[in-house]
Amino acid sequence: MKKFACVPMLAMVFLASVAFGQSADSYPSKPVRVLVPYSPGGATDIIARQIAARLPEAIGGSFVVENRAGASGNIALEAAARAAPDGYTLLVGNVSTNAINEITFVKSLQVKPSRDLIGITKLVEIPHILAASPALPANSVQELIDYAKKNPGKLNFASAGPGSYPELDMLKFNGRVGVKMTHIPYKSGAAGMIPALMTNEVQVAFINLASTLSQIRAGKIKVLATAMPTRLTELPNVPALTELGYPDIGTNAWQALFAPAATPKPIVDKVFKAVVNVLSRPDMKETLGKQMMAVSLSKSPQEWTESVREETQKWAEVVRANNVTVE
């Protein structure tokens with residue numbers, strides 16, 4: 001009797017799996033929200049809109065970008081983590097929202113990204129540079145170090161706010177080379193950091209190349225090094241921090257696609273394959289390349305999810321070592 005009693009249960013499991021497979025096959029059957037944690041116009045918004053415009057061709061349905069700016073990206077982060085795990089809410093996040101905020105906003109963030117979200121794939125990387133004011137009498141990383149040691153506490157460095165990776169990267173750099181600089185945060189991000197560098201309000205900053213390339217070419221900002229593994233085509237005479245002996249300093253800001261943690265694997269895999277198809281096209285790589293975004297896709301959703309979790313732990317070590325707190 002016990003054997004036969006199991007039959008209805010097995011039948012239910014089978015029917016549920018069939019229905020589950022059909023739902024994955026028919027996905028998406030309604031509009032998919034693509035949440036962006038910032039206002040329109042920035043790098044995260046740009047890549048989100050590029051993907052949302054092309055996914056219907058690759059996977060069907062429609063994808064609608066929804067900007068949910070505020071609280072350093074945490075509003076969109078929490079909305080995505082709490083959404084129904086059915087594939088109809090996705091998040092384009094980045095190194096700040098999905099690898100750093102969990103650590104720096106531990107007292108206020110209502111979700112845990114490494115637990116409540118899963119990665120689908122990395123999308124692009126944006127090269128970062130160690131930039132300097134033209135007024136700074138240093139034209140190389142070593143000259144910067146020497147000058148900072150001779151003038152302790154007299155140099156200011158900019159960041160996108162307390163706990164942001166431009167601050168954490170500079171704290172790592174200062175600790176490695178044994179110098180002290182004063183932190184000047186700008187809530188407006190690059191929009192505030194760039195004028196500050198140009199006017200010598202701050203002397204150095206880690207900042208993305210996409211935002212600063214025109215000022216660099218105009219001689220309004222200097223570049224001491226890049227954070228990419230090798231020299232950039234756009235800056236062939238500027239050394240990479242790696243070749244100068246600092247391979248683990250500097251962040252190339254990645255943008256990536258995430259979903260609520262319990263989203264069914266067949267749906268996650270379907271979105272992954274569609275995104276890879278879209279971003280692997282030569283025309284997409286060229287379009288994004290003109291905006292200083294290098295396509296960088298993951299091997300699988302599982303690989304990307306684990307990679308982000310590992311990076312979160314690395315940032316936690318930096319935060320603890322430098323006693324960084326964000327209220």
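The values are calculated or read from the model by the stated rules, or taken from the named source; none is laboratory data. Note that this is a predicted model, so its numbers are computed, not measured. Note: ideal-geometry Cβ built from the backbone for every residue, glycine included; neighbour counts use all protein chains shown.
A residue that is farther than 30 Å from Q302 by Cβ and not aromatic (F, W, Y) can be found somewhere in region 117-129.
Within region 49-75, the set of residues being closer than 10 Å to V36 by Cβ, among the hydrophobic types (A, V, I, L, M, F, W, C) and at pLDDT 95 or above comprises A52, V65. Counting only helices (runs of 4 or more DSSP H) that sit wholly inside region 204-313, those with at least 1 residues that are at pLDDT below 95 are 209-217, 282-289. When the residues of region 279-327 are filtered to those that are among the small types (G, A, S) and within 15 Å of the chain's Cα centre (by Cα), the one that is surrounded by the most Cβ atoms within 10 Å (Cβ to Cβ) is S298.
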